1. Pick from the range B:113-124 the residues that are open to solvent by 10 Å² or more (accessible area, probe 1.4 Å) and in a loop (DSSP other than H, G, I, E, B): which of them is nearest to the other protein chains (Cβ to nearest Cβ)?
2. Among (1) among the acidic types (Asp, Glu); (2) within 17 Å of A:ALA170 (Cβ to Cβ); (3) without any contact (Cβ under 8 Å) to a residue 12 or more places away in the chain, there is one condition A:ASP183 misses while meeting the rest; what is its number?
3. Any idea which residue in the range A:179-238 is farthest from the other protein chains (Cβ to nearest Cβ), counting only those that are of a type in the set (Asp, Glu) and open to solvent by 20 Å² or more (accessible area, probe 1.4 Å)?
4. Got a sec? Which of B:LYS201, B:LYS231 is among the charged types (D, E, K, R), away from chain A (no Cβ under 14 Å), open to solvent by 10 Å² or more (accessible area, probe 1.4 Å) and more than 21 Å from the chain's Cα centre (by Cα)?
5. Do any residues in the range B:51-64 that are farther than 15 Å from A:LEU174 by Cβ have Cβ atoms under 7 Å from those of residues that are of a type in the set (Lys, Arg), where the two are at least six apart or on different chains, and which pairs are they?
6. Sort through A:GLY171, A:GLY211, A:GLY230, A:GLY178 and tell me the only one that's without any contact (Cβ under 8 Å) to a residue 40 or more places away in the chain and among the small types (Gly, Ala, Ser).
7. State yes or no: is B:ASP71 charged (D, E, K, R), modelled with pLDDT under 80, touching a Gly at 6+ places or on another chain (Cβ under 8 Å) and open to solvent by 40 Å² or more (accessible area, probe 1.4 Å)?
8. Please specify each residue of the range A:239-262 satisfying the condition of being polar (S, T, N, Q) and within 14 Å of another protein chain (Cβ to nearest Cβ).
Amino acid sequence: MTDRRRVLGPADAVPFTLDNIKPTEVEQKSLDIGSIFVKTGVVENANGSAYLELDDIKIVAIVHGPRPMRGLFTTSAILNVDTKFLPVSLCDIESKSAVVSSTQLTQYIRSASTTQSSSLQKNVSSYVHTSLLPSILVEKYPKSTIDVSISVLSSSNNTKTTVAAAVSCAGAALADSGLECTDIVTAGSVLLDENKATVSPSRAPTSEIDGVVSYMAASKKIVGMWIEGGNVSEKQMEEIFDKTEEMAREIRGVMHGVLLEQ
Amino acid sequence: MIPGFVTPGILISLVVDRDGNKFYPGIGTAVRVVEGSEAKVAGKSQAKAIVATATGKVVLSERQESAEHNDKSRDTKGSCYTVNIVKKTKGDDSSSTTPTTSHVSPSASSGLPKVGDYILARVSKLTSKQANVEILVVEGQGGVGQDAGLGLNGNENGIHSNPLSNAGSLVEGAIRSDLGEGFGGIIRSIDVRATERDKVKMELCFKPGDIVRAQVISLGDGANYYLSTAKNELGVLFARSKIGELMYATDWQTMACPVTGLTEERKCASPYKQEVKAEVKEEAK
């Protein structure tokens, strides 16, 4: 029997030892967006789950639902998104190598997780919520909730790329869950320099424009965007859309293959 | 070209394809308006198309009646199909590019009960006015609310796979339904049977732990679906006697224990009704 009121750890969890790590088939594609690995159905006691790696980024997304909702009657499902940046995921590589002792590291993690993460987690949750909602046929699930929880195990120095990966990972988990969706949501991120656009950037922006745009690639719809860094001209906007759509399509292609293979 | 396997968002076919075949959305599919190159096949700028909303195998099942209906109204040479998406099984070759044609009704995975659906539920609480139940299965669709603890993709080892299986284990059955974490339902005393509705005594119709077949009459309030057993084929399917043995129905309001021979009162579901219907239908054909 499992306690169904709260999300417990996976039923098939095993203690971590280095022996039981086996190399698995890696879906790797060499693109300008970096190498990507997606695996769905990673958590057994969830309706749907996905694990995504994009360069340094490692994200797990879990979908529970439809779950009965007590209280008010609703004609369609309510989507909840919860994002957690694991404390370690917020240390960038430089500061990790700078701290020597474990107490220093613990202190660093503690300060990082209290200051940055809480507002960041909220922003990412609300962005993922905005992106996913149009794809789910919520009217098919009255009186229920759909809970998506995203754990960022390791993040990139560029927040937008991390967010793009979180959206794509959650999209894959939704597709894996069997909940009816009109499309798989994937996202692309871009960093606009004076004269160059970098897709899936891995460095933090200084004064440049950077953004993430979510797509329902098969139905050619934009479902969310988050662009920061000053005034964006029309030409720059087009550039952002072109590059992010290309990346979103690329990821969508990988997801299609992965979902049908498993 | 209809794909053999799809993920959400993939276009399966136009509603009316080039050869005049008609397609209807079934389980795991929806209708969407497409534009541009996808619609060009139909010779229009916009066309209605069937798109997938689930991951799995495309199964086409022919629709006989509507084909005849169409022949009368319009001169169409094509046939009619309902497009369903079925969960992929192990033996399927996902590289296959042709859809499966089958007349077997596919089973969807996470469907919630709708008004009119037949469901199987376990009685969790009994009062003189109503019986509270927990909905386990929607007939023809599979389990409901086996979410946390058992996903649709879950491996059922160690977790209840079949929600009805613990009709066989008394203790577990009791615990599970007492949790009340699933989708709940209420059978009011006036919805128990079709006749003498005012004289229903709930304690002579159900007991906690019974497995009941019922029909959804309303989505109800936030907490419960409203159910009815006011039909011959609806009522208690499985019940345990005082000593814990599974009982069998002797008539519509009596069940007997095979060991002690003692009888208990229940509002029994007639297990025969449907089969008789099916036989009559076959004879008519």
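The values are calculated or read from the model by the stated rules, or taken from the named source; none is laboratory data. This is a predicted model, so every value here is computed, not measured. Quick reminder, even Gly has a Cβ in these numbers, built from the backbone with ideal geometry, and neighbours come from all protein chains shown. Accessible surface areas use protein heavy atoms only, side chains included; no ligands, DNA or RNA. Shrake-Rupley method; radii C 1.70, N 1.55, O 1.52, S 1.80 Å.
1. Restricting to residues being open to solvent by 10 Å² or more (accessible area, probe 1.4 Å) and in a loop (DSSP other than H, G, I, E, B), the top hit is B:LYS114.
2. All conditions are met except number (3).
3. A:GLU194
4. B:LYS201
5. Short answer, once both residue conditions are applied: B:VAL51/B:ARG32; B:LYS57/B:LYS88.
6. From the options A:GLY171, A:GLY211, A:GLY230, A:GLY178, the qualifying one is A:GLY230.
7. No.
8. Answer for the range A:239-262, where residues must be polar (S, T, N, Q) and within 14 Å of another protein chain (Cβ to nearest Cβ): just A:GLN262.
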